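For reference, the structure discussed in these notes is given below.
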C-alpha cells in the first residue's frame, strides 16, 4: 500500500513547499572554547541561546543569523585548535540548507567550497555562503561585501556570511532575496562596478541612497553548459530545484522502495510526481505556461536494457517502456521554475 501513501505525502509536500522554503535551516561552524557543552547545538530561536556559552563575537554571529528568520540554527562548535573536518563530519547527515563559518580563513574557505561541491555531487542539497570564493558552483554563494559597519563595529565579508545565510534561508520561493534590506547596516564600501561584480557571480551589497541591501541574488555559477543554464545563476532558482529534488527523493525512499517494480507501479510513481508539479504550478513555484511534466525516460531505459541484451535495440519505444528493468526505475522530467520580477523596461513614447 506504499504507492497511494506516496501520493498523499507528495501532495502534502506540494501544499507546504512555499512555506517550508521560507523556513530553511542554517548551519554555523564556530570556533569557541567558552563552554564544555555539546559540540553540536540546535536552536529554534535566539531566546534559547545562552550568552555565557559563547564568546561575544560568536553570540553576535548567531544573533545575526536569526535576524534573517530561519526556522532553526545548527551550530557546530570546534575548539581553537579543532579540525574543520570534524564539524563537517557531524553536519554530513543532518538536514540543513545554508552553511556559514564566520571565522574561516582562506584555507578553510577552500576546504568548505570543495566539501559543498562534493556533497552536491552526491545529491545533498547543501549550500554555503562563503567570502570572496569564486567557486563557479550553483551551491556556493560568493559573498563579496566589504567595509560593512553596524554602529561602531566593522565586519569583514567572512564575518557577515552568517547574516546572509540567515536571509537566504528565510526567503520563501515566491520571493527573491534581491534587494533584501539590511536595516542594521550603516555603511559599506560600495562596488565601483556592480554589474561586473554580479556577472562574475558575486553577491554584493549596494546602497540606494536610503537603504543598504543585497544586490541581485546570484550564486557563484559563471560557466554555463547544457545542464547549467543562465537561470541557474539565481539563488531562487537553485533553491526551488533543490526543494523539488528533495521532496521527490524523500517520497520515493519512504513509499516506493521495496514495492513491486511493475509497469503499473512505475506509472503510479510518475503520476504522483506530475500531481506534485501541478500543485507547484498553482502556487507559482513552477511556471504555469510551461509543460512541467515527469515521464518514464525511454532513452535511459533503452540504454540500460541494451547493455543487458542487444536484442532490445529492435524494441519499439512502447515496448521499452513496458520492459522489466530489475530494481531500476528510469524517470525523467522537464520543468521551468517561476522567476521573480527583478528587471523592468519601461519605454515612454511621446
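The values are calculated or read from the model by the stated rules, or taken from the named source; none is laboratory data. Worth saying up front: this structure is predicted, and the values here are computed from it rather than measured. Cβ coordinates were reconstructed from backbone atoms using ideal geometry, including for glycine residues, and neighbour counts include every protein chain displayed.
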- Determine whether the stretch 71-78 contains at least one residue that is within 24 Å of the chain's Cα centre (by Cα), at positive phi and either free of Cβ contacts under 8 Å to residues at least 40 places away in the same chain or not in a helix (DSSP H, G or I) (or both). no
- Can you tell me which residues in the stretch 181-200 are surrounded by fewer than 19 Cβ atoms within 10 Å (Cβ to Cβ) and closer than 17 Å to residue 343 by Cα? 194, 195, 196, 199
- Among residues belonging to the stretch 1-40 that are part of a loop (DSSP other than H, G, I, E, B) and closer than 28 Å to residue 235 by Cβ, point out the one that is modelled with the highest pLDDT. 24
- Item | Yes/no for residue 57 being surrounded by fewer than 18 Cβ atoms within 10 Å (Cβ to Cβ) and more than 26 Å from the chain's Cα centre (by Cα) | yes
- Task: Find all pairs meeting these conditions: Cβ atoms under 9 angstrom apart; at least six residues apart or on different chains; first residue within the stretch 144-158 and within 18 Å of residue 213 (Cβ to Cβ); second residue modelled with pLDDT under 95 and surrounded by 13 or more Cβ atoms within 10 Å (Cβ to Cβ).
- Result: 155/145; 157/145; 157/146
- Within the stretch 216-229, restricting to residues that are surrounded by fewer than 21 Cβ atoms within 10 Å (Cβ to Cβ) and within 20 Å of the chain's Cα centre (by Cα), the one that is modelled with the lowest pLDDT is 227
- When the residues of the stretch 79-122 are filtered to those that are under 18 Å from the mean Cα position of the chain (by Cα), free of Cβ contacts under 8 Å to residues at least 60 places away in the same chain and in a loop (DSSP other than H, G, I, E, B), which remaining residue is surrounded by the most Cβ atoms within 10 Å (Cβ to Cβ)? 92
- By residue number, the members of the stretch 322-335 that are more than 29 Å from residue 228 (Cβ to Cβ) and either touching a strand residue (DSSP E or B) at 6+ places or on another chain (Cβ under 8 Å) or outside any loop (DSSP other than H, G, I, E, B) (or both) are 322
- Message: Which of the numbered conditions does residue 224 fail, given that it passes all the others? Conditions: (1) touching a helix residue (DSSP H, G or I) at 6+ places or on another chain (Cβ under 7 Å); (2) in contact (Cβ under 8 Å) with a residue 40 or more places away in the chain.
- Response: (2)
- May I ask you to verify whether residue 176 is part of a strand (DSSP E or B) and farther than 20 Å from residue 75 by Cα? no
- Okay, helices (runs of 4 or more DSSP H) sitting entirely in the stretch 230-316 with 2 or more residues that are at pLDDT 95 or above, out of contact with any helix residue (DSSP H, G or I) (no Cβ under 9 Å at 6 or more places or on another chain) and loosely packed, with under 14 Cβ neighbours inside 10 Å, I get 298-308
- Applying the selection to the stretch 41-81, what residues are closer than 16 Å to residue 101 by Cα, at pLDDT below 95 and in contact with a helix residue (DSSP H, G or I) (Cβ under 6 Å, 6 or more places away or on another chain)? 78
- Among the residues of the stretch 329-350, which ones are surrounded by 12 or more Cβ atoms within 10 Å (Cβ to Cβ), within 22 Å of residue 263 (Cβ to Cβ) and touching a residue at least 40 places away in the same chain (Cβ under 8 Å)? 329, 331, 333
- Message: Of all residues being in a loop (DSSP other than H, G, I, E, B), out of contact with any helix residue (DSSP H, G or I) (no Cβ under 6 Å at 6 or more places or on another chain) and at pLDDT 95 or above in the stretch 124-151, which is farthest from residue 202 (Cα to Cα)? Just the residue, please.
- Response: 151
